[in-house]
Structure formats: C-alpha cells, structure tokens
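Undergrad: Have a look at this one before I ask anything.
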Amino acid sequence: MIRILYIALFSLSIFTFFSSCKENEESNKRPHIVFVIGDEEYRSEESMPMLGQLLQKCFDVEVSYCHSVDSTGTIDPNRLDHIEGLQALESADLMVIFTRFRALPDEELQHIIDYAESGRPMVGFRTSTHAFLYKDDSSKFHMNNEWPSKVFGQQWITHHGHFDDGTIPLTEVTINKNEFEHPILHGIKDFEAFSWLYHVEGGKWNLHGDSQPLLSGKALKSNHEMNDRLAEFPLNNPVAWIKSYTGESGKPARVFFTTLGHPFDFKEQNMRKLSIQGILWALGQENQIPDQGIDYNLDIEYDPNNSGFGKKYKRGLKPIK
C-alpha cells in the first residue's frame, strides 16, 4: 500500500514538474503579433509595418505581416480578394487589422473568423469598421456590417468629408475627461489628425457592447455641418475606444479600436504612442507602459504616400519577412 502511495505521489510530482515547465515556457514566449493589412486608400501597407518595426525595436516581440499581394508577391492594395499568409494567425497572440472592403475566399476569411472567436485580443484601425464587403454571397452578408459592429464596436456609417486631403488636419483629438489615467493614454496629449472624422455615435447610432471611448474627435470641417445635418451626425465623435468581444470560446477578448489612420497621422508621436500603447494594453502588458507613457525612441524612417485611390500607393513594395 505504501509502495502504491509512493508511486502515485512520484507520478504527481513528475506531472506537476512538467506542467510547471510548460507554463514557464508559455509565459516566457515572445508575443506573436500578426498584422492583417489590406486597404487601398490609407497606405496601411506603409503604416502597419512601421508600427511593427517600432514594436520590435522597443519590445521583445515576434511580428508577422499579411498583405494583399499580386501573383509575384508584390504588395497590391487594390487586390480585394486575397491576403497572403493568414495562417500565421493560428499561432498569434494578437491580431492587428487594417483592411477595407475585402472579399476574401472562404479559406482565408476563416483564419480571421477563427482568430476572432478564439478569445485572443484584437486591435483595429480606421476602415476595419468596414473590413469586408461581400456583395453577392448572402452567406457572408453578416461580415459587412454585423461582424465589425459586434467585434470592433461599429460598422461603416459616414464621415464628415475629405477637404484638401493631406494638406491640413481635419480632426481635433482630445482625451475624454474621465480617462486620463487609462494606461493607453499615458503621456498622450491632445493633437490634430489628418483623418476626416468618422461618425460612430449620435443620432440613431451607438457604439456596440461595452465600448468605452477614450479619445474624442471634433471635425474641423464638415459636410454635415454645411448641409445642416448635425442632429444626425454631430461634430464630436469618439475616435478611440476599448471593448471586449466574447466569441465561441466563451473567453472575453480585449479589443482596442481607433478610427484614426490617415498615413500622415502616424507622423505624429501621439498617434504612434496611442497605437503602441493600445497594442500593449490589448496584449495584457499595460505594466510595460510607464506613467509618462512610452519614452522609447519612436522615430524610424517613415515617409508615406498620401491617401487616395487608384495608383497612389508605392509600387514594387514587398512584404517584410
């Protein structure tokens, strides 16, 4: 009897040892951040790799990039039906997505859906309120509006107008008065953005779920003001918020979203801080954000083309490996 008890205790100690080793290995693993990039207007093919390089420069992380590419592997933002490398999401600890009106094939879309339903965190930029557009396949119509609303907090509605795109800032960004202490906002000051303001709340619209706005934007010029429609689409709207999303896993995931994302916004250090600190918060690593905000050198080479459709992107770019 004593021998059997001894064997049982020994087996339990071996199991505990290997379980502890596995837990330590997982806790020491570098976070794997996967950027899903596919937008034909805002030069996300330039801004997102810049953020990825900043993260690798400042923190011990693994970064993967999934781009819209042509048959030669060259980045083509205008290709709406393909994003290469989405299988990287299987091992991702965070998905950062900046896509616009994509119509991906089933096997590619499924990688994104599976990730979202897994309970792992997500960060979204600007046009990810309308990440997908399936025009003819009724089985995917829910991806157009319902999916971004429940996952990120809102769908595409309208904005206040372009006005001299890239020439002057169009949105005044301020910190919500009750959110100064939030770690995402540490060290961030009010700033002006080149992004024209998206409407996400007001009139008949509300942010979904437990969305908690952190930053507000005021449109410095507005088509809706000129057309006397401010009751429907007010000049002030949230431009950054946090929320949770509980998918099929039953585990609530942290979500950070901002409707900012014009390529020139990322020249602004406050925008870079907001993005990096939002990513750290989503990963559950807000303890790495000091009270004064990240004081690492966030300056790397970044000279993006202006926003716009057609051939305004830089030709010949290849994904960073």
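The values are calculated or read from the model by the stated rules, or taken from the named source; none is laboratory data. Quantities reported herein were computed from a predicted structural model and do not represent experimental measurements. Quick reminder, even Gly has a Cβ in these numbers, built from the backbone with ideal geometry, and neighbours come from all protein chains shown.
Undergrad: Is at least one residue of segment 268-284 modelled with pLDDT of 95 or more, of a type outside the set (Val, Ile, Thr) and in a strand (DSSP E or B)?
TA: Checked against the condition, which is being modelled with pLDDT of 95 or more, of a type outside the set (Val, Ile, Thr) and in a strand (DSSP E or B), segment 268-284 yields no hits at all.
Undergrad: Also, quick follow-up: Restricting segment 162-215 to residues that are among the hydroxyl-bearing types (Ser, Thr, Tyr) and farther than 16 Å from His262 by Cα, which is surrounded by the fewest Cβ atoms within 10 Å (Cβ to Cβ)?
TA: Taking segment 162-215 first, the residues among the hydroxyl-bearing types (Ser, Thr, Tyr) are 167, 171, 174, 195, 198, 211.
Checking the rest, the ones that are also farther than 16 Å from His262 by Cα come to 174, 211.
Working: Thr174: 14, Ser211: 19.
Residue satisfying both the conditions and the ranking: Thr174.
Undergrad: Residue check: is Trp241 crowded, with 18+ Cβ neighbours inside 10 Å and modelled with pLDDT of 95 or more? Spell out the reasoning first.
TA: Numbers: crowded, with 18+ Cβ neighbours inside 10 Å: yes; modelled with pLDDT of 95 or more: yes.
So Trp241 fits the description; yes.
Undergrad: Which residues, counting only those in segment 120-153, are touching a Pro at 6+ places or on another chain (Cβ under 7 Å) and either in a loop (DSSP other than H, G, I, E, B) or small (Gly, Ala, Ser) (or both)? I'd like the intermediate steps shown before the answer.
TA: Going through segment 120-153, the residues touching a Pro at 6+ places or on another chain (Cβ under 7 Å) turn out to be 128-131.
Within segment 120-153, Ser128, Ala131 qualify.
Undergrad: Next question. Out of all the residues in segment 304-319, is one or more over 20 Å from Ser149 (Cα atoms), in a loop (DSSP other than H, G, I, E, B) and aromatic (Phe, Trp, Tyr)? Steps first, answer last, please.
TA: Applying the first criterion (over 20 Å from Ser149 (Cα atoms)) to segment 304-319 yields 304-319.
Next cut, in a loop (DSSP other than H, G, I, E, B) only: 304-319.
Checking the rest, the ones that are also aromatic (Phe, Trp, Tyr) come to 309, 313.
Yes; the residues of segment 304-319 include at least one that is over 20 Å from Ser149 (Cα atoms), in a loop (DSSP other than H, G, I, E, B) and aromatic (Phe, Trp, Tyr).
Undergrad: Mind listing just one residue for me: the one in segment 216-238 that is surrounded by fewer than 20 Cβ atoms within 10 Å (Cβ to Cβ) and either among the basic types (Lys, Arg) or assigned to a strand (DSSP E or B) (or both) and, of those, farthest from the chain's Cα centre (by Cα)?
TA: First pass over segment 216-238, keeping only residues surrounded by fewer than 20 Cβ atoms within 10 Å (Cβ to Cβ): 218, 220-221, 223, 225-232, 234-236.
From what's left, either among the basic types (Lys, Arg) or assigned to a strand (DSSP E or B) (or both): 218, 221, 229, 236.
Values: Lys218: 22, Lys221: 26, Arg229: 30, Asn236: 22 Å.
Among residues in segment 216-238 that are surrounded by fewer than 20 Cβ atoms within 10 Å (Cβ to Cβ) and either among the basic types (Lys, Arg) or assigned to a strand (DSSP E or B) (or both), the one farthest from the chain's Cα centre (by Cα) is Arg229.
Undergrad: Which one is surrounded by the most Cβ atoms within 10 Å (Cβ to Cβ) among residues in segment 36-61 that are aliphatic (A, V, I, L, M) and in contact with a strand residue (DSSP E or B) (Cβ under 9 Å, 6 or more places away or on another chain)?
TA: At the first step, the residues of segment 36-61 found to be aliphatic (A, V, I, L, M) are 36-37, 48, 50-51, 54-55, 61.
Checking the rest, the ones that are also in contact with a strand residue (DSSP E or B) (Cβ under 9 Å, 6 or more places away or on another chain) come to 36-37, 48, 51, 55, 61.
On the way: Val36: 31, Ile37: 26, Met48: 26, Leu51: 26, Leu55: 22, Val61: 19.
Looking at the filtered set, the residue picked out is Val36.
Undergrad: Considering only segment 133-175, state which residues are among the aromatic types (Phe, Trp, Tyr), closer than 29 Å to Glu225 by Cα and at pLDDT 95 or above.
TA: Phe152, Trp156
Undergrad: Leu54 - would you say it is farther than 21 Å from His130 by Cα, modelled with pLDDT of 95 or more and within 17 Å of the chain's Cα centre (by Cα)?
TA: Numbers: farther than 21 Å from His130 by Cα: yes; modelled with pLDDT of 95 or more: yes; within 17 Å of the chain's Cα centre (by Cα): yes.
The answer is yes for Leu54.
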